[in-house]
Structure formats: C-alpha cells, structure tokens
Amino acid sequence: MSSKATIYGFLFVGLAVTLALIVAPAVYAVSLSFYQMDSFVGAPKWVGFANYVAVLQAPEFWRALLNGAIYALGSIVFQVILGIGFALVLNEAFPGRNLVRGLSILPYLLPTVVVILTFKWMVDGGIGIVTKAVEAMGLPPINWFESPGAAMASTILVSVWMWTPFVTTCFLAALQTVPQSLYEAARVDGTTAVQRFFHITLPMLKPILTVVVLLRAIWMFNKFDVIWLLTRGGPVGATENLAILSYRHAFNLFDIGGGAAIATISFALLSVAVLIYFWVFPLEDD
Amino acid sequence: MAEIRLEQVRKAYGGVVAVHGVDLTIRDGEFVVFLGPSGCGKSTTLRMIAGLEEVTSGTIRIGARDVTELEPKDRNIAMVFQNYALYPHKTIYDNLAFGLRMRKMDPAEIDVRVKKAARMLGLEDFLARKPKQLSGGQMQRVALGRALVREPDVFLLDEPLSNLDAKLRVRMREEIARLHQDVGTSMVYVTHDQVEAMTLANRIVIMRDGHVQQIGAPLEVYDRPANLFVAGFIGSPEMNLIEGRIEGADFVAGNLRVALPPGVQASGEVVLGIRPEHLALTTEADGVAFTVRVIEQLGAQTLCVGEAGGERMRILVDRVDSWSPGQSVGVRFPAAKLHLFAKSSGQRVETAKP
Ligand SMILES: Nc1ncnc2c1ncn2[C@@H]1O[C@H](COP(=O)(O)OP(=O)(O)O)[C@@H](O)[C@H]1O
Ligand SMILES: [Mg+2]
C-alpha cells in the first residue's frame, strides 16, 4: 500500500511541476495570441484571430518559415553526413583513438556564446584568421554577415560545428552495437566496403538515425541563440526564422499578440511535421 | 570441390603467437574438426582459411590455387558463424540470396538455389520472415543455408552449435552430418566439445596453445592418444592418469603394480593411462583391490570413484546396484588397453604394435 502511495506521490509532484512550468505558460502564451497587447503590464484587448490574419498576410512570416526550413535542413544534412563519417572513423582501431574520441565531443561542451564570439573573431574583417587566410590565398574577401547567402551559410556552419559531435556520439554508440561477424559474413558473401555500408551499417543505424534527425530537426527549427548572437536574423531578415521573428514582434515591435501568434503557428507546424515524420518513419522497425 | 593445404601457417598478434606453424591437408570431401580448449587457436586457424584473418607466415592452398593473399570472397569458401551473423533487416530469402546477388548470379538461378536449400533445411515456410522471428535452431539452419546456396569448395563452421540448448544441439549435429553426406563438400568445423568432434569428424585436429597435438580419425585419437594432453582431453569420463615408474615388466605407483604388455620400450618415470571404461571388474584375488568411494549412477552404467593401491581412479562399468561407499571390489588392468606416456615430455610410449 505504502509503495503505491509513494508512486502516486511522485506522480502528483511530477504532474504539478509539469503543469506549473510547462503547460500553464504554454496555454498562457497561446491565449496571448488572441489579444492585442503592447506590453506585459498594459490591459490586453481581445481581437480573436486578427493577429493570425495579420501574421499570415505578412511576407516576413513566409520568409522566416522558409529561412527556418533551409537552416534546419541544411544543418541537419551536414550534421548527419559528417556525424556518420566521423563515427565510422572513430569506430576504427587506431593509436590514440580514445583520446580523439574524447576530444571530438568538446565543441558540444562549449557555451554557445563562446563559440559564436570565437567564430566572429575568426572571420573578423581586420584581424580574423579566416579573413587573413582568404587574403593569403588571393581570394576576394567574404562578407560573412553582410551578404544574405553567406550569413545563412555561417549560421549553418557554426551549428554544424557545434552539434556534429552530438550526432557523432549517437552514431558511434550505435555502431558499437553492430556485431563484427555481420561484416565478416558480408565479406565472405562478396561485398565491397561501400556495399557493406549500405547493406549493414546504414540499416543498423536506421533506428538511431530516425531519432537523431527528429531531435535535431526540432532543435534546429526552434533555434534562437545561435542565429540571434551571430546575425540577429539579418542582414535584412535573411537569416530570420520563426523563433527570431516571434521574439522581434513581442519585444522589439511591442506586438506581443503577434509574437504569440507566430510562436503558436510554429508550434502547430512542428507538431504536424513530427506526426508526419513518425508516420513515414515509424520508430518500431518491422 | 577441392583439397585444402595448410603449410606452416602461423599467426601472431604482436608478440603473442596464437597459432604456431600448422601443417594440414584436408582431403576433398573430408569432414575435419578442430578440437581444443578455449583460446587454443582453433578459430584463428579457421579464420585464416576463410581469409578473415591474415596469416603471419605460411601458405594456404585450396585446390591448385594459392589463396594466402586472397580476400574471403575470392576463396570460394562459405562460413557459418557462432552467433549466426544473419542480416537482421533482410528476410530469410534475402539472407540466403545475398551472397549470390553480390556475385551477380542470374536471379532465376538464385531462386532455384534458395528454394532448394530451403527445402533441404525445412525453411520453406520462413522465407518471408526476418531473422528475429525465428528460433535459435531455425536461425542456425538459415546460417547453414546461406553457406549451402553458395556451393563453395569448403564449408567453414566456427562453433555453430554452441548457442543452442543441449537437445537441439544433438539434433542439429545430426543434420550437419546428413548435410555433409548429401552435398559431399569438405567441411572444417571448430568446436571445444569432444562429443561433437567424435561424432562428426572424419579426422580430428586436436590443438592446444596454438600447437597441433594430434591429427587422426576419432577412434584413432581415442585408441592411441599422442600425448598426455590428448589422453586427458578425449574421452568422457576422462582417462585415469597415474604417475609412477617402470620396474622390470611392471608399472609401479605406490602400492599399485600393473603388468605391462611384453616388449614395452620404456624405463624410468612414466604416466600410465587407462580409461575408466577399460578397467574390468574381477575377483579381488585375480585383480587389484579397488575401494569404492563415490558412486554415480548414469542409468545403463555405473561410474565409480575410488582408490586402488593408494591411487585415485575412476571406473565405468555396466550398471551395478549393490555397491556402497567403503566397499572393496577387484579390478583388472587389461594389458591391451594400457597407455604409457613419458613423464618428462608427456609423449606417448608405444605399448603394442598397432
Ligand atoms: N584480434 C586478436 N588480438 C589479439 N589476440 C587475439 C586476437 N584474436 C585471438 N587472439 C588470441 O589468440 C588466441 C587464440 O584465439 P582463438 O583462435 O579465438 O581461440 P579458440 O577459437 O580456440 O578459442 C587466444 O589466446 C586469443 O586471446
Ligand atoms: Mg573460437
């Protein structure tokens, strides 16, 4: 009896905390999207779906949606490809492997601010090491944050650099569960190394790949800090995603209702995308 | 189909020698079993034949070809792994067909071979399933089938039955024996189980610490073990090994005196070997007094641990119900069944001309 009471006790506490810290603010945020409000102290005015209509009619919303998709897709593709590549290398036996494995996780441990500042120094127009290198090679200077394409590329570059270690670690763990004898059987069966990758490694990685892509997609689509610190969504909105747009509405344009509407739409879109994803790639194999 | 020849095949991992120069010729169609305790180099030898492990030195030939430097796929061998190594995400059909597809065989011919193998192994109903939907015995059959469809020069099997329970192991053992009879292809089979070796092999290669101890037909190794290690390893229950010395025409250890067959070329310190099943019951007046200590009833037979002349030994006789611990019976050491080993080298000393 007492153990049952304990379970219910924990359950109650857990639910209460979830309710107080996650559900309540979320509901509050969604409710804000139906009001007009220029500050958190003023009296909100009920406007129904007007915020949604306004948001959806603004081209900046669609641009932010597209930017977010490009950024998420671009960084995930590179993270996954590089992650699998590094994991394959780190899974091979070579001297100092454990040290390299340890070092390779480092970027993931660095605070985002540190990474961004370092990157900004590296590409600084006057003293940046990358700038100097580009100069030394006789190439024209790259305007990292001024040209829209380069700005998007740098947000993706930094994100890939920061989160590839996480993806690598996931894949490395998965690779270590693949029995060596499968590769040996395939060698006897007459496969090349490339065929072994596609017939054994990739299918064996599929469950973790499904989860990693999903997690990365959610995180990248909602990414705020990297983009804000690097470009503030600029130049002229070229790297602005829905998270930044929502923030800008709520805190810079004093349109809290509009910001909340954007966040709600973003949440809804992501939920639908995740559902579709699970439908196409069910976690349960076979 | 082809003969396989190992010439001075050696394997070292850094400074550790796993396999010392092995010389062995496996005849076409022969069933050869590598037998020895864990870590003695059986798998390493097999994997060198397969090409999964490079030789440190030596030559491996299959038929007329020197395959020492060839990749596994170019040796025309097929292998069955201890943990089956079935491709988990492929159906049984695809598992069987995979090796043939990789060799660009005509799909119609692949289908014929897969169906035939499935029929031989009773897998027809499982072809659409995935490996994890099968039992251990069925997975083992698929692993055999995957080797079978390839129609290789030789089958290499590394402890294929050790993941199965005892009953299934016996059944699969029979199936492998039948398979060998049906296809007639050479098989090289690794096991640490001497019963498997005795029942399956045409010839057994007994290994220890990377050295071949003896190569011979099962009954040959049983009848004339080449050294103390083989004597102790082959046969169940284990051979009685008694340390003593030669005195005239007798073997003497403590109070035990055993008459040796005439013409034994030995002297000094020796080890006498006699299998428990070869110690014969007789009257105490005729034989040696044996004091019964522990009795194990096996059903048809009785295994008894006791002492004779102060030496501990075991006897295995047709069932006796009446013994009790402490009692004394007479046993005889039939001269033709005695084995002698030099104590210093452990090597066999011939007691009788074969
Ligand atoms: N990859 C390896 N690296 C180092 N030593 C190994 C390796 N593989 C096997 N060995 C050693 O070689 C010896 C023989 O191993 P193995 O052939 O697997 O034995 P068995 O199959 O008879 O049990 C063992 O002592 C084992 O520790
Ligand atoms: Mg082994």
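Structure notes:
- In this Cβ point-charge picture (+1 for Lys and Arg, -1 for Asp and Glu), the protein assembly as shown has a dipole of about 760 debye about its Cα centre.
- Only protein heavy atoms count here, probed at 1.4 Å, and on that basis chains B and A bury about 1800 Å² of accessible area in total.
- Between A:PHE278 and A:LEU110, the modelled labels are 3.6 nm apart [label points 7 Å from Cα along Cα→Cβ].
- Extending 7 Å from the Cα toward the beta-carbon at both A:PHE224 and B:ALA336 defines two label points whose distance is 9.5 nm.
- Using alpha-carbon coordinates, inclination of helix A:112-122 to the longest axis of chain A, degrees: 70 degrees
- Pairs beyond 25 Å (Cα-Cα), from B:LYS42/B:LYS73; B:LYS11/B:LYS73; B:LYS42/B:LYS343: B:LYS42/B:LYS343
- Residues of chain B were split at every exposed loop site, defined as GluC sites (Glu not before Pro) in a DSSP loop with at most 11 other C-beta atoms within 10 angstrom, and the longest piece left, sites excluded, is B:70-354.
- Length-normalised contact order of chain A in % [C-alpha pairs under 8 Å, at least 6 apart]: 30 percent
- Candidate lysines - alpha carbon under 22 Å from B:LYS116, same-chain residues fewer than 8 apart omitted: B:LYS90, B:LYS104, B:LYS130
- All other residues whose Cβ lies under 10 angstrom from that of B:SER186 are scored, Lys and Arg at +1 and Asp and Glu at -1, for a net of -3.
- Listed by chain and number, the lysines whose C-alpha is less than 21 Å from the C-alpha of A:LYS223, apart from same-chain residues fewer than 8 away, are A:LYS120.
- Tilt relative to chain A, helix A:256-280 - C-alpha long axis, 0 to 90 degrees, to 10: 30 degrees
- In terms of accessible area, using a 1.4 Å probe and ignoring ligands and nucleic acids, A:PHE86, A:PHE224, B:PHE31 rank largest first as A:PHE86, A:PHE224, B:PHE31.
- For B:47-54, mean number of other protein chain Cβ atoms within 10 Å: 2
- On the basis of the beta-carbon distance and an R0 of 35 Å, B:THR282 and B:VAL195 show a calculated FRET efficiency of 0.70.
- Here segment A:91-110 is scanned for amide nitrogen atoms under 20 Å from the site 7 Å beyond the Cα of A:MET122 along Cα-to-Cβ, giving A:100-110.
- Note on segment B:1-40: Cα-only Rg and Dmax are 12.4, 36 Å.
- Rh by Kirkwood over Cα pairs, then Stokes-Einstein D for chain A at 0.890 mPa s and 25 °C, µm²/s: 110 µm²/s
- Percent carbon-and-sulfur accessible area, segment B:91-140, ignoring ligands, DNA and RNA, probe 1.4 Å: 53 percent
- DSSP-loop trypsin sites (Lys or Arg not before Pro) across segment B:96-167, with at most 11 other Cβ within 10 angstrom: B:LYS104
- Pairwise Cα inverse-distance average, inverted: Kirkwood Rh of the protein assembly as shown (Å): 31.7 Å
- Counting only other chain Cβ atoms within 10 Å of each residue's Cβ, the peptide B:66-74 averages 2.
- Shielding by partners for peptide A:186-197, expressed as the average number of C-beta atoms from other protein chains within 10 Å of each residue's C-beta, is 6.
- 10 Å Cβ shell holding at most 10 others, DSSP loop, GluC sites (Glu not before Pro): longest site-free stretch of chain A: A:93-283
- Per residue, the accessible area of the protein assembly as shown comes to 49 Å² when a 1.4 Å probe rolls over the protein heavy atoms.
- Drop in accessible area of at least 30 Å² in the complex versus isolated chain, residues of segment B:96-134, 1.4 Å probe: B:PHE98, B:MET102, B:LYS130, B:LYS132
- Candidate lysines for bridging to B:LYS337, where Cα separation is under 21 Å - those fewer than 8 sequence places away on the same chain excluded: B:LYS353
- Taking chain A as a Gaussian network of alpha-carbon nodes connected by springs under 10 Å, the highest mean-square fluctuation of the residues A:ALA54, A:ALA261, A:ALA150 belongs to A:ALA54.
- Take every Cα pair under 8 Å whose residues are at least 6 apart in sequence, average their separation, divide by the length of segment A:1-123, and the relative contact order is 9 percent.
- For chain B, built as a Gaussian network whose Cα springs stay under 10 Å, the top-fluctuating residue of B:ALA342, B:ALA108, B:ALA128: B:ALA108
- Contact order for chain B, expressed relative to its length and based on alpha carbon pairs under 8 Å spaced 6+ residues apart, stands at 16 percent.
- Loop sites in segment A:5-42: chymotrypsin sites (Phe, Trp or Tyr not before Pro), DSSP, at most 15 other Cβ within 10 Å: A:PHE40
- Simple spin-label estimate for B:ALA12 and A:GLN195 in nanometres, 7 Å along Cα-Cβ: 3.6 nm
The values are calculated or read from the model by the stated rules, or taken from the named source; none is laboratory data. Here the structure is a predicted model, which is why all the values come from computation and not from measurement. Glycine gets a Cβ as well: all are built from the backbone with ideal geometry, and neighbour counts include every protein chain shown. Just the protein is used for accessible areas: all its heavy atoms, side chains included, with ligands, DNA and RNA removed. Shrake-Rupley method; radii C 1.70, N 1.55, O 1.52, S 1.80 Å.
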